[in-house]
Amino acid sequence: MTTRRDLLRGGAALLAGAALPAAAQAQQRAPLGFHNAPAAGLDREPMRLVQGRAPAGLSGTLFRNGPAQFRRGDATIGHWFDGDGFVRAFRISEGQCTLSGRFVDTVKRRRDAEAGTFVMPGFGTPAAPGAPVSSPDDANGASTALLSVQDQLWALWEGGSPYAIDPSDLSTRGPVTLRDDLAEMPFSAHPKVSPDGTIWNFGPGFGQPAAFLWALAPDGRVKASGLIKLPRASYLHDWAVTATKLILPLQPWVVGRYSPPFAQSLAWRPELDLQVLVIDKADFTKQKLYDLPAGAFFHTADAYEEADGTIRFDLCLSEEPVLDADRGASILRGVPRTGPEVKMSMAVLRPDGSADLIKTPYTAEFPVIDQRLRSQPRGDVYCVTEGAVRPPWGHPYNALMRFNWQTGKRTSFDFGANTLAEEPIFVPKPGTADGGWLLAPTLNLKASATQLHVFDAQRINDGPLATWQSSTPLPLSFHGLWVGA
Amino acid sequence: MRYPTHQNFRLKAGIVASLIIAAAACTTTPRGEAVSDQPETATLAFSLKMDVAEGAVMIALYGSAEAYDGGGEPVRAVRVPVEGVSMRATFTDLEPGQYAARAFHDLNGDGDLNTNPMGRPIEPFAFSNGAQAQFGPPSFADAAIDVPAGETSGVLDFRR
């Protein structure tokens, strides 16, 4: 019988294991989704077209970010979120695709590398005794998401400054101070760009019942900012923005007694319900608090207001937090995932103060929309979901889903049990009002390769129009964006 | 449009604890002070290393864990105008004993350790004995140096 490990390593590597130093063995034990990316990066290499044909008009770059350093020496990092950011570029032009990648050159990465182990703290990783952490940016892994700001990419973490990246060669320019007096204020991994180009973001209070709000001009200049008090010290990861409102869902996953690392300080307290704080964009002091049944979430898709002032936003909701301290650690060690499923859901906040959660039975994570429709009433949301047979490890997503809130219709494409699916990105089809492609990266465990699939967004059940395959498997990434040529 | 500013309220020191350094009252500029030749007293000379030659360095010197950790009064507090990226600050006529310094580079010369709205210092700071901050200032035990009679040297490195 073929075991998962066999699948990963191949028999020869398994036999060779005994003679390898501890570090190499640790890396070998790593599940393919959570193995280290090459330390020196991945030089730009062509991907092989293994299926179909790239559609005409698809030209640009899919940039993605995600943690990619999970092991140093014989140490494994404490949580998936804590690996160093590795920015990758899938450049598509004239039917061809290339892949390159670089680690973000952070203070944290340098100090860990010097020590030869993990000394800097993270979400679920404690600081080593005496490790120098004089500011949150010392622990900033720049590992979660990206934002395109003029000619730069910003690699984003949850609790620190953006790190500027050169999109042409993925080299690191360094941390960005948005304004001198706001140096090192947290800038979350989930900024929302409004149709007018304003970049809205929050910074989590990390243990404090507070959040910092940012409004940046398209060039990154701070237009407005302010610290707001929250009714509780919820873990804040993602939020939602409408044309006039900022929406901070406050899950009942709250900092209790602080004892590092941060994830260990979070307590799940469903009796506190899921509160939603709605803040006026034009006046941060104008706020309204809604109450929903308890639920945990990491990601929202988009929010919009209806004519009567009702606010709706889709979120991927679970009965309790999925990647808590324990599961965020065990997923890196190849332990099959246990715990709650995450379902496509919608929050409805009415002007009279009442609120509801609509839950679908469909497993869903990493939801995205056609960005042309942001802040507008809309039906379609795209995400990853579960296929018929679960993949072997902790990451349970191996299929793509399109769900329409207006019709209730769900279509999907199942990559099969040997594939792990990452967040898809919607790319508008030039010259159309609503046509588009979904760019869907996956990790193929059987081929031991990163793949990039192109789907017609409106016909994902037809399967990919084109699939490219790399010669190097990269660990799973979190979030990305498309920059059209 | 109206926005609350960070003056409205500030976060209390917490997880991302503020590295509040006791504001060093401006007293004397010690450069050029003669080193005491009385053997029973101690002299502590810090070499100061900065990134830029601007503003002033503020140093608070503590002689006990109680004062250092508990927000008590420093033994000495000085302000040294920064005229170069490498300078010296000398404390003379000290009782021999253990001392720890909290210091910051007051880049804009406003006399305060400037912080961001979450209370994080945004000007360079340093502690004696090369002690490093870890989500808060190092303890007296980590920052203290033995200062016997005679001259002792130390470093306060503000470079980032």
(request) Go through (1) in contact with a Leu (Cβ under 7 Å, 6 or more places away or on another chain); (2) within 14 Å of chain B (Cβ to nearest Cβ) and name the single condition A:Pro293 misses. (result) (2)
(message) When the residues of region A:76-109 are narrowed to those that are over 24 Å from A:Gly328 (Cα atoms) and hydroxyl-bearing (Ser, Thr, Tyr), which ends up farthest from the chain's Cα centre (by Cα)?
(response) A:Ser93
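Tally up the residues in region A:388-407 that are more than 19 Å from A:Thr442 (Cβ to Cβ), part of a loop (DSSP other than H, G, I, E, B) and free of Cβ contacts under 8 Å to residues at least 60 places away in the same chain, please.
Start the filter on region A:388-407 by keeping residues that are more than 19 Å from A:Thr442 (Cβ to Cβ), which leaves A:403-407.
Narrowing the set further to residues that are part of a loop (DSSP other than H, G, I, E, B) leaves A:405-407.
Subset that is free of Cβ contacts under 8 Å to residues at least 60 places away in the same chain: A:406-407.
Residues in region A:388-407 being more than 19 Å from A:Thr442 (Cβ to Cβ), part of a loop (DSSP other than H, G, I, E, B) and free of Cβ contacts under 8 Å to residues at least 60 places away in the same chain: 2 in total.
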(message) Condition first: of a type in the set (A, V, I, L, M) and surrounded by fewer than 22 Cβ atoms within 10 Å (Cβ to Cβ). Now tell me which residues in region A:63-96 satisfy that.
(response) A:Ala75
(request) Please go through region A:251-262 and pick out each residue that is crowded, with 24+ Cβ neighbours inside 10 Å and more than 11 Å from chain B (Cβ to nearest Cβ). (result) A:Gln251, A:Trp253
(request) Please note which strands (runs of 3 or more DSSP E) are completely contained in region A:91-169 and include at least 2 residues that are farther than 25 Å from B:Ile122 by Cβ and more than 14 Å from chain B (Cβ to nearest Cβ). (result) A:96-103, A:145-149
(request) Please find, among A:Phe90, A:Phe123, A:Phe103, the residue that is among the aromatic types (Phe, Trp, Tyr) and closer than 18 Å to A:Phe262 by Cβ. (result) A:Phe123
(request) Please verify whether region A:212-225 includes one or more residues that are at the interface with chain B (Cβ under 8 Å from one of its Cβ atoms) and of a type in the set (Gly, Ala, Ser). (result) yes
(request) Answer with yes or no whether A:Phe478 is touching a residue at least 60 places away in the same chain (Cβ under 8 Å), among the aromatic types (Phe, Trp, Tyr) and within 30 Å of A:Leu332 (Cβ to Cβ). (result) yes
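If you check A:Lys245, A:Lys229, which single one turns out to be touching a strand residue (DSSP E or B) at 6+ places or on another chain (Cβ under 7 Å) and either within 14 Å of chain B (Cβ to nearest Cβ) or free of Cβ contacts under 8 Å to residues at least 40 places away in the same chain (or both)?
Testing whether each residue is touching a strand residue (DSSP E or B) at 6+ places or on another chain (Cβ under 7 Å) and either within 14 Å of chain B (Cβ to nearest Cβ) or free of Cβ contacts under 8 Å to residues at least 40 places away in the same chain (or both) leaves just A:Lys229.
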(request) Among residues belonging to region A:196-211 that are of a type outside the set (Val, Ile, Thr), over 10 Å from A:Ile228 (Cα atoms) and out of contact with any Ser or Thr (no Cβ under 8 Å at 6 or more places or on another chain), point out the one that is farthest from the other protein chains (Cβ to nearest Cβ). (result) A:Gly197
(request) Only residues that are of a type in the set (Val, Ile, Thr) and closer than 14 Å to A:Leu277 by Cα: list them for region A:221-238, please. (result) A:Ile228
(message) Being of a type in the set (S, T, N, Q) and either out of contact with any helix residue (DSSP H, G or I) (no Cβ under 9 Å at 6 or more places or on another chain) or at positive phi (or both) is the filter here; which residues of region A:69-114 pass it?
(response) A:Ser93, A:Gln96, A:Thr98, A:Ser100
(message) Please count how many residues of region A:33-75 are under 21 Å from A:Glu422 (Cα atoms) and aliphatic (A, V, I, L, M).
(response) 9
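Just need a number here: residues in region A:174-199 that are assigned to a helix (DSSP H, G or I) and surrounded by fewer than 17 Cβ atoms within 10 Å (Cβ to Cβ).
Total satisfying the criteria: 2.
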(message) Looking at region B:59-71 only, could you name the residues that are assigned to a loop (DSSP other than H, G, I, E, B) and either without any contact (Cβ under 8 Å) to a residue 24 or more places away in the chain or closer than 13 Å to B:Ala144 by Cα (or both)?
(response) B:Gly63, B:Ser64
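Laboratory data are not the source of any read-out in this text; all were calculated from the coordinates shown. Note that this is a predicted model, so its numbers are computed, not measured. All Cβ positions, glycine included, derive from the backbone under ideal geometry; neighbour counts span all protein chains shown.
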